[in-house]
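Just below is one structure, and these are the notes that go with it.
Readers should treat all values here as calculations from the given coordinates under stated rules, not as data from a laboratory. Keep in mind that this is a model prediction, so the values were computed, not measured. All Cβ positions, glycine included, derive from the backbone under ideal geometry; neighbour counts span all protein chains shown.
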Amino acid sequence: MSLSGKAAIVGIGATEFSKDSGRSELRLAAEAVRHALDDAGLTPADVDGLVTFTMDTNAEIAVARELRIPELKFFSRINYGGGAAAATVQQAAMAVATGVADVVVAYRAFNERSGHRFGQVSAAAAQQVNTNGIDNGFHYPMGIATPAATVAMAARRYMHEYGATSADFGRIAVLDRKHAATNPNAWFHGKPITLEDHQNSRWVAEPLHLLDCCQESDGGVALGFTTAHPA
């Protein structure tokens, strides 16, 4: 089944991104969702679905309660981080396209700079009594203990398979920063970079430079979805 033409993003919301938000992650999530609903001309009473992904401390039920969403027909939580954001879009679109829910909001909110920092090694991650602990117990002794180190392995393989170079990765980083520089809420608002900046930045985990990596920051983002016809 194709989702093309069956679902649409109708609202986008975000908080500012900073080193210290000064508020709870739940409040950041609620603010981002409210901004998305305002952008779409909707209210919390219109929402009947929520989607997020793991490592987020804001449970769907907690966000619904905070916003006074009356009833959820659909909620889901995607495993893993990073690229899992794309799957929240997929599941929200699936929910409205199939009629499971009418208005679904995908959200994520973190105090990833003032709170838990994923870019730092945490021995506790390898001590969990679950499959994640088992996986990390194998990875950590090899130095694969941060998101950058994990992705560096895949990046190196990609370079081997397709002949990509560090400069190719740099062009993506430059384009991302170009867009971020136009966003008043962004950490790097008004601060684009050049390919030379990228290539001269220090290694974090070869073949990834500092400017290949995302900035740890506090903030939240939300997207509102409904069927394409009302949109």
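Count charges around residue 16 for me, please; just the other residues with Cβ under 10 Å from its Cβ, Lys/Arg as +1, Asp/Glu as -1. Please list the in-between numbers first.
Working: positive: none; negative: 31, 218.
Local net charge: -2.
Ranked by Cβ crowding within 10 angstrom, fewest neighbours first, how are 221, 204 ordered?
Working: 221 22, 204 19.
Taking fewest neighbouring Cβ atoms as first place, the list is 204, 221.
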What order do you get for 74, 225 when you list them from fewest to most C-beta neighbours inside 10 Å? 74, 225
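Return the inverse of the average 1/r over all pairs of distinct C-alpha atoms in the chain, which is the Kirkwood hydrodynamic radius, in Å to one decimal. Don't skip to the end; give the middle numbers.
Details: mean 1/r = 0.0520 Å⁻¹.
Evaluated over the chain, this radius sits at 19.2 Å.
Quote to one decimal, in nm, the extra length available between residue 130 and residue 24 on full extension: 0.36 nm per residue of separation minus the C-alpha distance between them. Intermediate values should be presented prior to the final figure.
Details: separation 106, 0.36 × 106 = 38.16 nm, distance 2.76 nm.
Result for the pair: 35.4 nm of gain on full extension.
Where does each of 33, 121, 105 land when they are ranked from fewest to most other beta-carbon atoms within 10 angstrom?
On the way: 33 30, 121 11, 105 34.
If I rank by nearby Cβ atoms, fewest first, I get 121, 33, 105.
Is the range 16-115 rounded, prolate or oblate when judged by the Cα gyration tensor, a ≥ b ≥ c being the square roots of its eigenvalues, rounded requiring a/c under 1.5 and prolate requiring a/b larger than b/c?
Here the range 16-115 falls in the oblate category.
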Determine the dipole magnitude for the chain: charges of +1 sit on the beta-carbon of Lys and Arg, -1 on that of Asp and Glu, nothing else is charged, the reference point is the Cα centre, and the result goes in debye to the nearest 20. 140 debye
Cβ-Cβ FRET estimate between residue 165 and residue 202, R0 fixed at 22 Å, reported to 0.05: 0.80
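Count the DSSP beta bridges whose two residues both fall in the chain, then state the antiparallel fraction as a percent rounded to the nearest 5. Please report the intermediate quantities before stating the final value.
On the way: 18 of 26 bridges.
Here the antiparallel bridges make up roughly 70 percent for the chain.
Estimate the FRET efficiency between residue 154 and residue 59 by the formula 1/(1 + (r/R0)^6), using the beta-carbon distance for r and 25 Å for R0, to the nearest 0.05.
Numbers: r = 30 Å, r/R0 = 1.20.
The pair residue 154/residue 59 has a calculated efficiency of 0.25.
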For the chain: relative contact order, % (alpha-carbon pairs under 8 angstrom, 6 or more apart): 33 percent
Of the candidates 153, 142, 94, which one comes out as most mobile in a Gaussian network treatment of the chain with C-alpha springs shorter than 10 Å? 142
Per q in 0.22 1/Å, what log10 I(q)/I(0) does a Debye calculation on the alpha-carbon atoms of the range 138-224 return? -1.11
Over the Cα atoms of the range 77-203, Rg to Rh with Kirkwood Rh, two decimal places? 1.02
Over the range 123-212, what relative contact order in percent results from Cα pairs under 8 Å that are six or more residues apart? 23 percent
Any idea what the dipole of the range 123-212 comes to, in debye rounded to 20, about its Cα centre with Lys/Arg Cβ at +1 and Asp/Glu Cβ at -1? 160 debye
Could you tell me whether the range 64-118 comes out rounded, prolate or oblate from its Cα gyration tensor? Rule is a ≥ b ≥ c as square roots of the eigenvalues, rounded for a/c under 1.5, then prolate if a/b exceeds b/c, otherwise oblate. oblate
Evaluate E = 1/(1 + (r/R0)^6) for residue 122 and residue 71, where r is the Cβ-Cβ distance and R0 equals 45 Å; express this FRET efficiency to the nearest 0.05. 0.75
